[in-house]
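Only one structure is covered here, and it is reproduced in the block below.
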Amino acid sequence: MKKFKSLLSQLAAILFLVLAASDLAAQEVWESISGFYIVSYSSKVTPIPINQIHQWVLHIETADGEPVSDAKLDIQGGMPLHDHGLPTNPVATEYLGEGNYLIEGIRFHMMGDWEITLEISQGNITETALIHLRI
Amino acid sequence: MVSTDNSGRKRVGLLVLFAFIALIILLKWWSDNRQAAPWTAQELVILESLWLKSLPPLAEDPSNLVADSLQAAKLGQQIFFDTRFSANGQISCASCHQPQKYFTDGLNKALAIGQTARHTPSIVGTAYSPWLYWDGRKDSQWAQALSPMEDPAEHGGNRMLYARVISSDESYRKEYEDIFGDIPDFSDMSLFPINAGPVSNAEWHLAWQMMSETSQDLVNQVFTNIGKLLAAYERRLMPGESRFDAYVESLLRGDAATGQSLLSNDEINGLRLFIGEARCTECHNGPLFTNNEFHNTGLLPSPGELPDQGRSRVVQQLLEDPFNCLGPYSDASSDRCTELNYMRTEMIELIGAMRTPTLRNISNTAPYMHKGQIDNLAEVLEHYNRAELALIGHNEAEPLGLSSTQLQQIELFLKTLEAPLAESQEWGQPF
């Protein structure tokens, strides 16, 4: 009985870890507001530091998994709880291929919850995606 | 019998008083000696982020090729303390940035040849800041160092005069040429007047306008190099380790007992408030206790003055500055000027916003704020606790609702950031 209990608790722990991991993975991808685009990012400096200007690579694909090439990007952001914006004006400076865009000039000057608002324009379609992150 | 009753009552009264005093002493002893609550893992992460040893190595300054040259720093140190770099021969950088006062002056507004518009900030650690001055109107230490030299209220001279100090002093000339190569020949007065510069003095301004562009450029190069030498010196002014840093180090080693002996309970409580309820680390973050960004915190102007527009007024000026990172006197290729290239130019938050100052040695650098308008730390903390509406723009701070005891504890914590400068023997005095 004791062994069964310990097995059960181990299984519960594994299940918890798997769920937690899948939850984390799920948080790394953001859908645009009408679900047209799927966006993810990676920072060239990890963990993302405060007070240091750095670069990101943004990946954009359609809901069907097709990379989005040559989109025009407008990047805004801020801390909704503090009612202020980003301290810099980040810009997508280069299309790197396969739906990847180089973002330069990003910096965070406070720890806490940040929101990046990404306006993705391609042809006549403009879509907004929100990225939430905690620094 | 009445008198016996009275003396009995007196004795009981004295006993009660004695017991009361004993209780107070015991309570005080208990509150002083009980172990402070342990820090959570999340709090320890924040404490480590404030620790001086978490400061990353200083990145190179691509706009100043001599920034990390020891020879340039030593020459810059001489210039920093040399009063010949002023109109009246009495003012040096050290007149206001006094080493013994952590490179501040203890005044509300600086007094040099005249009185300046703002309070003298410290130079210590500013090599880490992308922006210099309270409003960040310069983007490098060398560009900043040039401005006071031509400000009529500060050094009050002109760039031609300063270029000539370098070229006519044998020792300066030799050192300068060792670092930068030949200095131009300024002996022809028809090409190079005694005094000239784009300054408010009409005579000197006219003399500058009469000079050819080539002559102006030669003078500008020497003037710029003076700034770069000063920056090579200022770049080495870094804070030393404080009691707070020793405390964090002991915590990270897992040595809570040593930690407890380094900071009192009140100081620890102040620190807990500082990184928590008082929200100080929203702006005063990182090992230098500053994010070097611009914030409007609803400060009142000095009596009789209009509110200061702060960052919002200087953004355009910074973009057009010939001494900025993208300008002809910078050593950086344009792609290395990342802060300027991606500078925020339009934001309501920039109205009335000033750069966050470091808090290291803050208790030694009164008065406070960009106009020196607050005399002591207790009043500064009161200001943030109240967080009243800003006269212009939007006050980013919000009322904290802290008690007077809590504010005192934060003030006590801030005093744990006192420390002599790193390597102050070498760099904190005239060469």
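Inside the range B:316-345, residues that are surrounded by 13 or more Cβ atoms within 10 Å (Cβ to Cβ) and away from chain A (no Cβ under 11 Å) make up a count of 14. When you check B:Gly352 against the structure, is it within 14 Å of another protein chain (Cβ to nearest Cβ) and closer than 19 Å to B:Gly136 by Cα, yes or no? Taking the combined requirement at face value, the residue satisfies it. Determine, yes or no, whether A:Glu104 is more than 12 Å from every other protein chain (Cβ to nearest Cβ), surrounded by 15 or more Cβ atoms within 10 Å (Cβ to Cβ) and in a strand (DSSP E or B). Considered against the rule, which asks whether it is more than 12 Å from every other protein chain (Cβ to nearest Cβ), surrounded by 15 or more Cβ atoms within 10 Å (Cβ to Cβ) and in a strand (DSSP E or B), A:Glu104 comes out as no. B:Arg360 fulfils the conditions (1) within 14 Å of chain A (Cβ to nearest Cβ); (2) touching a residue at least 60 places away in the same chain (Cβ under 8 Å) except for a single criterion, (1). Against the criterion of being more than 14 Å from chain B (Cβ to nearest Cβ), more than 14 Å from A:Ser32 (Cα to Cα) and either part of a loop (DSSP other than H, G, I, E, B) or small (Gly, Ala, Ser) (or both), A:Ser69 qualifies.
For A:Thr126, the test of being in the same structural domain as A:Thr46 (by TED's automatic domain parsing) and within 23 Å of A:Ile53 (Cβ to Cβ) is failed.
Mind listing whichever residues of the range B:289-315 are among the hydrophobic types (A, V, I, L, M, F, W, C), away from chain A (no Cβ under 14 Å) and without any contact (Cβ under 8 Å) to a residue 60 or more places away in the chain? B:Leu306 - this is the single residue of the range B:289-315 that is among the hydrophobic types (A, V, I, L, M, F, W, C), away from chain A (no Cβ under 14 Å) and without any contact (Cβ under 8 Å) to a residue 60 or more places away in the chain. On the stretch given as the range B:369-389, residues that are surrounded by 19 or more Cβ atoms within 10 Å (Cβ to Cβ) and either part of a loop (DSSP other than H, G, I, E, B) or in contact with a Pro (Cβ under 8 Å, 6 or more places away or on another chain) (or both) total 6. For the criterion of being loosely packed, with under 14 Cβ neighbours inside 10 Å, in the same structural domain as B:Ala87 (by TED's automatic domain parsing), in a loop (DSSP other than H, G, I, E, B) and hydroxyl-bearing (Ser, Thr, Tyr), B:Ser171 fails. The residues of the range B:148-168 that are part of a loop (DSSP other than H, G, I, E, B) and in contact with a Phe, Trp or Tyr (Cβ under 8 Å, 6 or more places away or on another chain), listed by number, are B:His155, B:Gly157, B:Asn158.
Scanning the range B:91-137 for residues that are over 24 Å from B:Gln317 (Cβ atoms) and assigned to a loop (DSSP other than H, G, I, E, B) yields B:Ile91, B:Ser92, B:Tyr102, B:Phe103, B:Asp105, B:Gly106, B:Leu107, B:Asn108, B:Val124, B:Gly125.
Residues that are part of a loop (DSSP other than H, G, I, E, B) and under 26 Å from B:Ser302 (Cα atoms) within the range B:403-431 are absent altogether. Taken as a whole, the condition of being touching a Pro at 6+ places or on another chain (Cβ under 7 Å), in contact (Cβ under 8 Å) with a residue 40 or more places away in the chain and not assigned by TED's automatic domain parsing to the domain that holds B:Ile46 applies to B:Asp331. Of everything in the range B:276-286 that is more than 10 Å from every other protein chain (Cβ to nearest Cβ) and in contact with a helix residue (DSSP H, G or I) (Cβ under 7 Å, 6 or more places away or on another chain), the residue that is nearest to B:Gly372 (Cα to Cα) is B:Cys280.
Based on what the data block shows, is A:Tyr41 buried (at least 18 other Cβ atoms within 10 Å of the Cβ), over 30 Å from B:Gly276 (Cβ atoms) and more than 14 Å from chain B (Cβ to nearest Cβ)? Spelling it out, it is not the case that A:Tyr41 is buried (at least 18 other Cβ atoms within 10 Å of the Cβ), over 30 Å from B:Gly276 (Cβ atoms) and more than 14 Å from chain B (Cβ to nearest Cβ). Counting only residues that are assigned to a helix (DSSP H, G or I) and farther than 17 Å from B:Tyr329 by Cα, the range B:177-202 holds 3 of them.
When the test is whether a residue is assigned to a strand (DSSP E or B) and more than 10 Å from every other protein chain (Cβ to nearest Cβ), A:Glu94 passes it.
Scanning the range B:396-416 for residues that are at pLDDT below 95 and surrounded by 19 or more Cβ atoms within 10 Å (Cβ to Cβ) yields B:Glu396, B:Ala397. Considering only the range A:121-134, I want to know if a residue exists there that is surrounded by 14 or more Cβ atoms within 10 Å (Cβ to Cβ), within 14 Å of chain B (Cβ to nearest Cβ) and either free of Cβ contacts under 8 Å to residues at least 40 places away in the same chain or of a type outside the set (A, V, I, L, M) (or both). No, the range A:121-134 contains no residue that is surrounded by 14 or more Cβ atoms within 10 Å (Cβ to Cβ), within 14 Å of chain B (Cβ to nearest Cβ) and either free of Cβ contacts under 8 Å to residues at least 40 places away in the same chain or of a type outside the set (A, V, I, L, M) (or both). Any residue in the range B:104-113 that is away from chain A (no Cβ under 14 Å), surrounded by fewer than 19 Cβ atoms within 10 Å (Cβ to Cβ) and over 18 Å from the mean Cα position of the chain (by Cα)? Yes, that holds for at least one residue.
Conditions tested, residue by residue: (1) among the small types (Gly, Ala, Ser); (2) within 21 Å of the chain's Cα centre (by Cα); (3) assigned by TED's automatic domain parsing to the domain that holds B:Tyr102.
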| position | (1), (2), (3) |
| --- | --- |
| B:Asp335 | no, no, no |
| B:Glu339 | no, yes, no |
| B:Glu346 | no, no, no |
| B:Gly372 | yes, yes, no |
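Just so you know, in the range A:44-66 the residues that are within 14 Å of A:Val91 (Cα to Cα) and either surrounded by fewer than 14 Cβ atoms within 10 Å (Cβ to Cβ) or not aliphatic (A, V, I, L, M) (or both) include one that is farthest from the other protein chains (Cβ to nearest Cβ), and it is A:Trp56.
The values are calculated or read from the model by the stated rules, or taken from the named source; none is laboratory data. All of these numbers come straight from a predicted model, not from anything done at the bench. Virtual Cβ from ideal backbone geometry, glycine too; neighbours counted across all protein chains shown.
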